[in-house]
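The values are calculated or read from the model by the stated rules, or taken from the named source; none is laboratory data. Just so it is clear, the structure is predicted and the values come from calculations on it, not from any experiment. So basically every Cβ, Gly included, is an ideal-geometry build from the backbone, and we count neighbours across all protein chains shown. Heavy atoms of the whole protein, side chains included, go into the accessibility calculation; ligands, DNA and RNA do not. Shrake-Rupley method; radii C 1.70, N 1.55, O 1.52, S 1.80 Å.
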Amino acid sequence: MIEGPYPTRMLRAAFALATAICVGAAAAEKPAAEAPAKLLALHAATLSSEMAGRIDAIATRVGDHFRKGDVLVTFDCALPKAQLTHAQAALTEAARTYEIDRRAAAQKTNGQLELDIPATEVLKAKADLAAAETLVSRCSIAAPFAGVTVDQKIRAFEYATPGQALLDVLDDHALEVELTAPSRWLSRLRPGTAFQLAIDETGKTYPGKVVRLGGRVDGASQSVRVFGEVTAEAPELMPGMSGKAILSPP
């Protein structure tokens, strides 16, 4: 049993000190900062026609995966191929004519002047051949990267015009995180800053880090775009998923 005034005073002082410490610690605690976030594909493209012609085949459908270099769209190319054959024959003829004239000119003192015309014909034939090869190269569209088809805007046997959109494709493995953060966070955000990414669609949280900051502050919303990446293996993540990025208080 504790007797006397001094022990009681000591107990009261210790209790007051402990209370002050707890209150101070609670006041010092700051809530984690949150910002809206979404997943984007690093590589995405709308594949368009470079020529006018009928579509012979489309080798992919929405949801189909492909490898880089796979031919996704093929055009009816009978005319361009015929033009290529004609250009190859014209170059062969021009080259043979030039060679015959060159041998004949070698026997004359002014023979070099007589070679100007056949030499020009060879150059013209080479240019025509290059143009025909370029046209034939547009008869098919290859995948610029490995990925998945997300939209098909035309079907086989339909006619396409130059510049017409045909397929939307993206790389569903190379993803980045876009945060819309308050501009007042700029003092604490830098490449390498860690955050947690909570995704609504999966109900899971993933570790991530900041990769780069946007180049300007939106004056209307006083926000800045911040780009990051998920630092853990997460094959279930897809472009378009959204959630929030959670940063620990400074």
- Query: Which of (1) in contact with an Asp or Glu (Cβ under 8 Å, 6 or more places away or on another chain); (2) exposed (fewer than 13 other Cβ atoms within 10 Å of the Cβ) does G215 not meet, given it meets every other one?
  - Reply: (1)
- Message: Whether any residue in region 218-231 is in contact with a Ser or Thr (Cβ under 8 Å, 6 or more places away or on another chain) and on the phi > 0 side of the Ramachandran plot is what I want to check.
- Response: yes
- Task: Mind listing whichever residues of region 38-84 are in contact with a Lys or Arg (Cβ under 6 Å, 6 or more places away or on another chain) and open to solvent by 30 Å² or more (accessible area, probe 1.4 Å)?
- Result: E50, D76
- Message: Restricting to region 184-232, name every residue that is at pLDDT 95 or above and of a type in the set (D, E).
- Response: D200, E201, E229
- Query: Within region 106-115, can one find any residue that is outside any helix (DSSP H, G or I), surrounded by 12 or more Cβ atoms within 10 Å (Cβ to Cβ) and either out of contact with any strand residue (DSSP E or B) (no Cβ under 6 Å at 6 or more places or on another chain) or of a type in the set (D, E, K, R) (or both)?
  - Reply: no
- Task: Would you be able to tell me the number of residues in region 123-146 that are in contact (Cβ under 8 Å) with a residue 60 or more places away in the chain, open to solvent by less than 60 Å² (accessible area, probe 1.4 Å) and either over 21 Å from the mean Cα position of the chain (by Cα) or at positive phi (or both)?
- Result: 3
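Residues checked against (1) under 14 Å from L39 (Cβ atoms); (2) of a type in the set (D, E):
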position: V177; (1), (2): yes, no
position: S183; (1), (2): no, no
position: G192; (1), (2): no, no
position: E233; (1), (2): no, yes
